[in-house]
Amino acid sequence: MADKSVSSTGLRGQSAGSTALCTVGKTGSGLTYRGFDIEELAEKARFEEVAYLLLKGKLPNQAELDAYITKLKGLRGLPQALKAVLEQIPASAHPMDVMRTGASMLGNLETEQSFDEQQDASDRLLAVLPSIICYWYRYSHEGVRIETETDDESVGAHFLHLLRDEAPSELHARVMNVSLILYAEHEFNASTFTARVCASTLSDLHSCVTGAIGSLRGPLHGGANEAAMAMLENWTSPDEAEREILGMLERKEKIMGFGHAIYRESDPRNAIIKEWSKKLAADVGDSVLYPVSERVEAVMWREKRLFCNADFFHASAYYFMDIPTKLFTPIFVCSRVTGWCAHVFEQRSNNRIIRPSADYVGPEHSVWVPIEERD
Ligand SMILES: CC(=O)SCCNC(=O)CCNC(=O)[C@H](O)C(C)(C)COP(=O)(O)OP(=O)(O)OC[C@H]1O[C@@H](n2cnc3c(N)ncnc32)[C@H](O)[C@@H]1OP(=O)(O)O
Ligand SMILES: O=C([O-])CC(=O)C(=O)O
């Protein structure tokens, strides 16, 4: 088999199209959305501003941002038929499957009839996805039918409010804001590429987003934040974590939350979410999970030169905010839907169906054998 590092396995290193939305690793370890550095966005922007930037093509002025927030606040309600579907999904379901079904059902109820409706359809998804996951979660786990129309100014605060039945602290709302900004967009990652392939057939927006949710679900992509938490929660001290990690590496197991398909030395989102995880650890008086996470980071770098990607310190940050582990990846969806939709618009604006070729490695010529004569 060809050397993975130089082969095109997984389309690595090949350009599959152009985008004006994002650069990943262009300046070494940098990340930009429409030319803005991620560090600056995470420090100065509101997630809704970033959503506007991605979806409408420019930063909003104050009046535009106010109007956009008001619009999103007005789109948080769930149609009765969607509530009825969510109520059918058992508590044992994976929340990413709930997101996938929710997005798909919305496509049945509020079908995008023409591409002229794409902006409204994407704003609706952005506003309603937190309502979908929290409605299902609270109904299936607590037996309550929640009211999903809150007055919270931000998507992040709205999510936490629905989950806990009370408005979040300023710190938690701030961390959610940063987290949603960090997860919003990442060029031609697997889920976005899924959305673009779907868009290239001139399909509807809900189909593109539903497919993208399926791709994000896997532990090699968005599912890594949940998988990292499932691993970390087993360990009660940094020394125990180090022993276990060394054993996993010895057994050639993948360590979730480490490595990246594009970045080679670091993921710029890690330093940002790690800092917030540290603040949250201090806030809750943690003396285990954060030191364990830091030790895992150090051991992985020392042993393998592998660095934390965006998902690793998201695990502890969300845990410190008391968010159930199985809701970690759905939060990623609530953010990345902005990137997905922006890519769908971009694909539609200059479309050619995405249809690569394959290197055939099967038999040259097969001889037909009648069924009764086959082994
Ligand atoms: C938001 C996001 O989606 S970020 C990514 C989230 N995913 C994860 O955290 C899952 C764990 N990480 C991985 O599986 C990989 O690093 C991926 C999927 C992210 C990238 O995959 P690739 O581009 O194939 O990785 P890359 O070519 O850099 O791998 C080089 C070597 O390092 C190894 N490696 C990479 N990541 C890890 C890891 N997390 N743990 C152990 N070994 C690893 C690979 O197995 C490979 O070795 P091999 O050639 O002997 O198989
Ligand atoms: O770019 C990738 O391959 C995965 C990733 O980090 C993301 O989607 O945020």
Scanning the stretch 171-217 for residues that are out of contact with any Leu (no Cβ under 9 Å at 6 or more places or on another chain), among the polar types (S, T, N, Q) and not in a helix (DSSP H, G or I), the one farthest from residue 110 (Cα to Cα) turns out to be 201
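Assess whether residue 243 counts as being charged (D, E, K, R), modelled with pLDDT of 95 or more and within 16 Å of ligand 2 (Cβ to nearest atom).
Answer is no for this residue.
Any idea which of 222, 214 is in contact (Cβ under 8 Å) with a residue 24 or more places away in the chain and within 11 Å of ligand 1 (Cβ to nearest atom)? Give the derivation first.
On the way: 214 fails: within 11 Å of ligand 1 (Cβ to nearest atom).
On inspection, the qualifying residue turns out to be 222.
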Quick count over the stretch 186-209, residues being more than 8 Å from ligand 2 (Cβ to nearest atom) and either surrounded by fewer than 23 Cβ atoms within 10 Å (Cβ to Cβ) or not β-branched (Val, Ile, Thr) (or both), is 16
Residue hits (the stretch 249-269; more than 16 Å from the chain's Cα centre (by Cα), more than 20 Å from residue 193 (Cα to Cα), assigned to a loop (DSSP other than H, G, I, E, B) and of a type outside the set (Val, Ile, Thr)) are 251, 252, 253, 254, 264, 265, 266
Here the qualifying pairs (Cβ atoms under 6 Å; residues six or more apart or on different chains; first in the stretch 338-357 and within 16 Å of residue 50 (Cβ to Cβ); second among the basic types (Lys, Arg)) come out as 343/196
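Please list, ordered by residue number, the helices (runs of 4 or more DSSP H) wholly in the stretch 90-165 having 3 or more residues that are at negative phi and either acidic (Asp, Glu) or out of contact with any helix residue (DSSP H, G or I) (no Cβ under 8 Å at 6 or more places or on another chain) (or both). Talk me through it step by step, then tell me what you get.
Working: elements: 95-109, 118-142, 155-164.
Filter on the stretch 90-165 gives 118-142.
Would you check if there is a residue in the stretch 192-203 being within 20 Å of residue 272 (Cβ to Cβ), more than 13 Å from ligand 1 (Cβ to nearest atom) and touching a Phe, Trp or Tyr at 6+ places or on another chain (Cβ under 8 Å)?
Step one: filter the stretch 192-203 for residues within 20 Å of residue 272 (Cβ to Cβ), giving none.
So far as the stretch 192-203 goes, no, none of its residues is within 20 Å of residue 272 (Cβ to Cβ), more than 13 Å from ligand 1 (Cβ to nearest atom) and touching a Phe, Trp or Tyr at 6+ places or on another chain (Cβ under 8 Å).
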Margin query: On the basis of being crowded, with 16+ Cβ neighbours inside 10 Å and among the charged types (D, E, K, R), does residue 250 make the cut?
Written below: no
Going through the stretch 303-334 in order, the residues found to be surrounded by fewer than 24 Cβ atoms within 10 Å (Cβ to Cβ) and within 16 Å of ligand 2 (Cβ to nearest atom) are 306, 307, 309
Problem - Residue check, residue 298 at pLDDT 95 or above and either more than 16 Å from ligand 2 (Cβ to nearest atom) or touching a Cys at 6+ places or on another chain (Cβ under 9 Å) (or both) - result: yes
Residue check, residue 32 touching a Gly at 6+ places or on another chain (Cβ under 9 Å), within 16 Å of ligand 2 (Cβ to nearest atom) and not in a loop (DSSP other than H, G, I, E, B) = no
Scanning the stretch 304-354 residue by residue, those at positive phi and either among the polar types (S, T, N, Q) or away from ligand 1 (no atom under 16 Å from the Cβ) (or both) turn out to be 322
Selection over the stretch 253-293 where residues are surrounded by 14 or more Cβ atoms within 10 Å (Cβ to Cβ), within 16 Å of ligand 1 (Cβ to nearest atom), of a type outside the set (Phe, Trp, Tyr) and touching a residue at least 60 places away in the same chain (Cβ under 8 Å) yields a count of 9
Looking across the stretch 44-64 at residues that are not in a helix (DSSP H, G or I) and not basic (Lys, Arg), the single one that is nearest to residue 156 (Cα to Cα) is 45
(1) within 21 Å of the chain's Cα centre (by Cα); (2) away from ligand 2 (no atom under 14 Å from the Cβ); (3) farther than 23 Å from residue 205 by Cα all hold for residue 60 apart from (1)
Exception for residue 67 within (1) assigned to a helix (DSSP H, G or I); (2) of a type in the set (A, V, I, L, M); (3) out of contact with any His (no Cβ under 7 Å at 6 or more places or on another chain); (4) under 30 Å from residue 139 (Cα atoms) falls at (4)
Among (1) within 16 Å of ligand 1 (Cβ to nearest atom); (2) surrounded by fewer than 18 Cβ atoms within 10 Å (Cβ to Cβ); (3) not in a helix (DSSP H, G or I), residue 230 falls short only on (3)
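The values are calculated or read from the model by the stated rules, or taken from the named source; none is laboratory data. From a predicted model like this one, the values you see are computed outputs, not experimental measurements. Positions of Cβ are generated from backbone atoms using ideal geometry, with glycine treated the same way; all protein chains shown enter the neighbour counts.
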